[in-house]
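Everything on this sheet refers to the single structure shown next.
The values are calculated or read from the model by the stated rules, or taken from the named source; none is laboratory data. Given the structure is predicted, the values throughout are model-derived calculations rather than measurements. Note that we place each Cβ from the backbone using ideal geometry, even for glycine, and neighbour counts take in every protein chain shown.
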Amino acid sequence: MQPTDVFQQVLAKAMSVPDFERWVYDTPALELFLSADEYLELISLNYKDKSALYELEKIIGHYVDWGQVRSNELQQLLQIIISRPDSDAVLLALTASYDWYCDGCSFLSDLAFDYGLATEQDFGWEAYKNWKSISEEERQKYLDQFYPGAAQEAARVLEWLASGSIRLHLKSQHDELEYTDNRGSLEQKEPSLLLNSAKRYVPAAPAPASEANRTAQLAKSKKWWQFWK
């Protein structure tokens, strides 16, 4: 693996800072790759400090293709939607697809509007606490209605990224995201808006226990001698 690949991994948070620190000390050839000042800064850095990642960006950020970093992040998000590892990860990935669309990735229109916007409306921001309070069975039932469509759309976008039909560009980590679109005209279409709130199932959060129920539950949970305290 080339040093630039490792730099990209740590700055994209695909590699932990402690793992990167070990790699630095285990890679003597790095001294020949970097300038003398850069190498000295790397081996002198306090990797346990909270600002370590920020400091790393200042030292090695110019070696990184930030467009590829963001592309890797997006591909990881799409893989979560496809593989559906757990309900929390899937909900957050679907919601994030809409955020990516709003950040300038209009090629995500179908995924963002048909699925991401729905999950954002149902369980985004303050409503996320409702998601955490419902059962796993209810979560899976909610997500089921987005499949297989969401996975198919995520796979389609993943193929664009892998084939180079879509290439993300970013001069630095903090610049506005842009992309080159080499797709055919048939693939560059408007969002279909297939699923709307009137048709989808949205599980409700459990009703809070009444004061009387809470008092009864507390009384049941106490030992007999605790009532004298």
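Some notes on this structure:
- Failed condition for residue 13, given (1) part of a helix (DSSP H, G or I); (2) under 29 Å from residue 100 (Cα atoms): (1)
- Where a residue in the stretch 150-171 is assigned by TED's automatic domain parsing to the domain that holds residue 104 and over 20 Å from residue 89 (Cβ atoms) and its partner, wherever it lies, is among the charged types (D, E, K, R) and in a strand (DSSP E or B), with Cβ under 6 Å and at least six apart: 169/178
- Neighbours by Cβ (under 9 Å, 6+ apart or cross-chain): first from the stretch 25-36, of a type in the set (Val, Ile, Thr); second surrounded by 10 or more Cβ atoms within 10 Å (Cβ to Cβ): 27/3; 27/6; 27/33
Conditions tested, residue by residue: (1) assigned to a helix (DSSP H, G or I); (2) of a type in the set (Asp, Glu); (3) under 19 Å from the mean Cα position of the chain (by Cα).
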position	(1), (2), (3)
142	yes, no, no
146	no, no, yes
158	yes, no, yes
183	no, no, no
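- Verdict on residue 39 being out of contact with any Cys (no Cβ under 9 Å at 6 or more places or on another chain), surrounded by fewer than 17 Cβ atoms within 10 Å (Cβ to Cβ), outside the structural domain of residue 146 (by TED's automatic domain parsing) and at pLDDT below 95: no
- In the stretch 163-177, the qualifying residues are those that are of a type in the set (A, V, I, L, M) and modelled with pLDDT of 95 or more, and the one that is nearest to residue 58 (Cα to Cα) is 168.
- Filtered residue count, the stretch 78-104, keeping only those that are touching a residue at least 60 places away in the same chain (Cβ under 8 Å) and closer than 13 Å to residue 116 by Cα: 2
- A count restricted to the stretch 120-149 and to residues that are aliphatic (A, V, I, L, M) and either in contact with a Leu (Cβ under 8 Å, 6 or more places away or on another chain) or not assigned by TED's automatic domain parsing to the domain that holds residue 75 (or both) stands at 1.
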